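The values are calculated or read from the model by the stated rules, or taken from the named source; none is laboratory data. Nothing here was measured: the structure is a model prediction, and the numbers come from that model. Neighbour counts run over all protein chains shown; Cβ positions are idealised from the backbone, glycine included.
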Amino acid sequence: MDNRGPVDFPNIVASLLTVGIVVVDRCFNVLMWNRFMELNSNFRSEDVVGHNIFDFFPELNRNWLEKKIRSCLILKTASFSSWKQRPYLFRFKPSPALSGESEFMYQDASIFPVYDANGIVQGACITIHDTTEVAEALRLLDRTMDQALDLEELNRRDGLTGLYNRKFFDEQITQEILSARRYKWPLALAMIDIDNFKDVNDNYGHVVGDAVLHGLALCLQGMLRSSDTLCRYGGEEFALILPQISPQNSNVLMERLRKAIQAMQVDASGGPVKVTISVGIASLDDSLSAGQLVVHADEALYQSKHGGRNRVTAYSEQREAVLH
């Protein structure tokens, strides 16, 4: 026979330090206010019990909480509020044991019905779980991930023009070719080179040369589709990946870009600086690898340079066969 007396559950609940327990009646008057709530609110149980909870905590979202409690009383079902959806129910300060940056205690809150001895719902119990440590850890993880992504993005960008760099191009052209073959859509690659760019640096200085590169990048980007990928391939050479575009339309687009660059000017101390570009275009076929596509576009670019510059040339196997 067990001679131990009955367990004093109400006293245990009232003394809890790790979980907040609040019981309110149908009129939102407080029936229980446990030790956790006392310590974090600075209100003693005897000060709060018997009073309307909203009189002591005007910062509570009254409309939301009343609706939740009434739903609990009528439907006799529990509800849960995560700190991710609503950071806190009671605006408590975080625990002094935590050294984080939070201004308040993050909380998970549960609301469930309280029955009397006859099984009739007399009120609702609100439980508060301090999730500040978890929230801060996840926030730190998110911040670390954002910093890692920012660093990765910087590693993929050219510092001067803000365009994607050669490393990103090498990765992207392979992915675009795989997509083009999978979905059976056309793909074009354009290699773009600024004509006589060395003369710009020699005559006006590298500051003006950098301004030309930056201006050209902005001009080209402003005329491209969101699906196009413009990269600084190296020096004064750029690579432009054009998915889902026919050879004819890619020629039309590049001719429009060529004319826009021809009309562009960059201010310098010696007067406005104007440049032109030469362009080579190659279209993907079933037999080409990424490297071969680049070679074809480069060969077409060479033909534009050899033919007098400031022009667009599409790769042709017949022409290359004759020239070589």
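For this structure, a couple of remarks:
- Selection within the stretch 119-172 - aromatic (Phe, Trp, Tyr) and in a helix (DSSP H, G or I): Phe168, Phe169
- Residue match in the stretch 261-273 (condition: of a type in the set (D, E, K, R) and at pLDDT below 95): yes
- Number of the exception - Ala300 against (1) in a helix (DSSP H, G or I); (2) touching a Lys or Arg at 6+ places or on another chain (Cβ under 8 Å): (2)
- Annotation note: Cβ proximity below 7 Å between a residue of the stretch 285-305 that is under 20 Å from Lys184 (Cα atoms) and assigned by TED's automatic domain parsing to the domain that holds Gly234 and a residue that is small (Gly, Ala, Ser) and modelled with pLDDT of 95 or more (sequence gap 6+ or interchain) occurs for Leu293/Ala282.
- Of all residues in the stretch 252-302, those that are polar (S, T, N, Q), closer than 21 Å to Glu176 by Cα and buried (at least 19 other Cβ atoms within 10 Å of the Cβ) total 1.
- Restricting the stretch 167-222 to residues that are polar (S, T, N, Q) and free of Cβ contacts under 8 Å to residues at least 12 places away in the same chain leaves a set whose member that is farthest from Leu253 (Cα to Cα) is Asn201.
- Residue in the stretch 129-141 that is closer than 28 Å to Phe54 by Cβ, loosely packed, with under 10 Cβ neighbours inside 10 Å and out of contact with any Phe, Trp or Tyr (no Cβ under 7 Å at 6 or more places or on another chain) present: no
- Residues that are in contact with a Lys or Arg (Cβ under 9 Å, 6 or more places away or on another chain), outside any helix (DSSP H, G or I) and of a type in the set (A, V, I, L, M) within the stretch 62-106 comprise just one, Met105.
- Any hit, the stretch 151-163, residues being in the same structural domain as Ser269 (by TED's automatic domain parsing), closer than 16 Å to Leu293 by Cβ and in contact with a helix residue (DSSP H, G or I) (Cβ under 7 Å, 6 or more places away or on another chain): no
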